[in-house]
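Engineer: Have a look at this one.
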Amino acid sequence: MSISRQNLTIVIVTLKSQKIIDQCLESIEKDIPIVVVENSNDHNFKNKLESKYNNLRCILSNSNLGMGAGNNIGIKEAKTDFVLVLNPDVILEKNFLEEIFSASKEISDFSILAPLENKFKNYKILNNLDLNKKKDLPFKVSYIDGFAMLLNKNKLKEDGYFDENFFMYLENNDLCRRVIKNGGSIFVIPKAKINHLSAKTVDDKFSNEVEFSRNWHWIWSKFYYNKKHFNFLKALIVCLPTYFSSVLKFVFYFLTDNKIKKKIYFNRASGFINALLGRSSWYRPNLED
């Protein structure tokens, strides 16, 4: 089944994204339904978006669930067969949707499609080979970055969508790995292009809190991902060097009284310990105004 305006919904998960979301929304054609999942209880944000965009509905999760769980809410809410998952700091280029629609008619079967990011490579080629890829034609990959991915719900619903154990980081890697393992296919559409502003999802005034959270969750997710797809020993081998390095850096920044760096490396070590002990990805940044 090819993609059209009648069977596509766009899902965007937000959190304190007021300063960036409009750039994303203005790049989306007005006849495409949009579901925004705001990971808070910010009724003011919801009301502003819904009053400004007639094709948009905002769902409040009432707590910070993370990207995977937030996306799952939007995906399940969508009434269409296809869902384009976007970060709020992604801007679609002109004719993006037309290129997606056109390419989908030429691909007989797919689980996930992805655009091409203008500034950097947002995919990994199967078996690390990039041979005989014809310019501008869709090509198969084993992995795509999660800030822009179009999901075929009919292909994914049996295996689930995003693993909600991940709060942030590697939930898209996990989904792509499961798709490939179960015989699905992932394609990049070179003519469908985007611009990703990168790390601009949350207001800059919360930059320290976001950095603390990133360091905690990066190592937690890395351990969990390797344990899930390989084994406990593999996760330990991959993550232990980061843990020991973090402990040493924490001690150094503790002695030099650098509070920000000290907190960053404490969180990195803490994320590892919590993953090692099998605890959930519980850490949340303080984003209160």
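Only the coordinates and a few stated rules stand behind these numbers; no lab work does. Bear in mind the structure is a predicted one, so any value in this text is a computation, not a measurement. Every residue, glycine as well, gets a Cβ built from its backbone with ideal geometry; the counts of neighbours run over all protein chains shown.
Engineer: Springs between alpha-carbon atoms under 10 Å, Gaussian network over the chain: tell me which of N71, N44, N55 tops the mean-square fluctuations.
Structural biologist: N44
Engineer: Here is a further query. Starting from segment 134-232, pick out the chymotrypsin sites (Phe, Trp or Tyr not before Pro) whose DSSP state is loop and whose Cβ has at most 15 other Cβ atoms within 10 Å. Walk me through the intermediate numbers first.
Structural biologist: Values: sites: F139, Y143, F147, Y161, F162, F166, F167, Y169, F187, F206, F212, W216, W218, W220, F223, Y224, Y225, F230, F232; in loops: F147, Y161, F162, F166, F167, Y169, F230.
Passing both the DSSP loop test and the Cβ count: F230.
Engineer: Separate question: May I ask for the distance between the Cα centers of segment 69-116 and segment 236-289, given as a whole number of Å?
Structural biologist: 35 Å
Engineer: When the chain is treated as a GNM, springs tying every alpha-carbon pair under 10 Å, which of E117, E38, E98 comes out with the largest mean-square fluctuation?
Structural biologist: Its mean-square fluctuation being the largest, the pick is E98.
Engineer: Taking the Cα atoms only, what angle lies between the long axis of helix 96-106 and the longest principal axis of the chain, rounded to 10 degrees?
Structural biologist: Value to nearest ten degrees: 70.
Engineer: Given the pairs K76/K121; K205/K259; K105/K222; K76/K155, which are separated by over 25 angstrom at their Cα positions? Before the final figure, lay out the partial values.
Structural biologist: Working: K76/K121 29 Å; K205/K259 17 Å; K105/K222 36 Å; K76/K155 14 Å.
Long pairs (Cα-Cα over 25 Å): K76/K121; K105/K222.
Engineer: Next question. Which angle between 0 and 90 degrees, to the nearest 10, do you get for helix 259-276 versus the longest principal axis of the chain when only C-alpha atoms count?
Structural biologist: Relative to the chain, helix 259-276 is tipped by roughly 80 degrees.
Engineer: Express in nm, to one decimal, how much length is gained between N55 and I237 on full extension, taking 0.36 nm for each residue of separation and deducting their alpha carbon distance.
Structural biologist: So the extension gain works out to 60.7 nm.
Engineer: Next up: 222 nm [θ] for the chain, helices only, -39500 (n - 2.57) per DSSP H run of 4+, per residue, to 500? Don't skip to the end; give the middle numbers.
Structural biologist: Details: 9 runs with 118 residues, N = 289.
Value at 222 nm, helices only: -13000 deg cm²/dmol.
Engineer: Sticking with this one: What trypsin sites (Lys or Arg not before Pro) in segment 76-124 are in a loop by DSSP, with at most 14 other Cβ atoms within 10 Å of the Cβ?
Structural biologist: Working: sites: K76, K79, K94, K105, K119, K121, K124; in loops: K79, K94, K119, K121.
Of the trypsin sites (Lys or Arg not before Pro), the ones in loops of segment 76-124 whose Cβ has at most 14 other Cβ atoms within 10 Å are K79, K94, K119, K121.
Engineer: Next question. Excluding same-chain residues fewer than 8 positions from K227, which lysines have a Cα within less than 20 Å of its Cα?
Structural biologist: Correct list for K227: K181.
Engineer: Let me ask something additional. Treating the angle as unsigned and between 0 and 90°, give the value, to the nearest 10°, between the Cα long axis of helix 207-229 and the longest Cα principal axis of the chain.
Structural biologist: Roughly 80 degrees, rounded to the nearest 10.
Engineer: Return the single residue from K52, K227, K262 with maximal mean-square fluctuation; model: Gaussian network over the chain, springs between Cα atoms under 10 Å.
Structural biologist: K52
Engineer: Which lysines, on any chain, are close to K262 with Cα under 18 Å apart, when same-chain ones fewer than 8 places away are left out?
Structural biologist: Of all the lysines, those that pass the test against K262 - Cα under 18 Å, at least 8 places apart if same chain - are K249.
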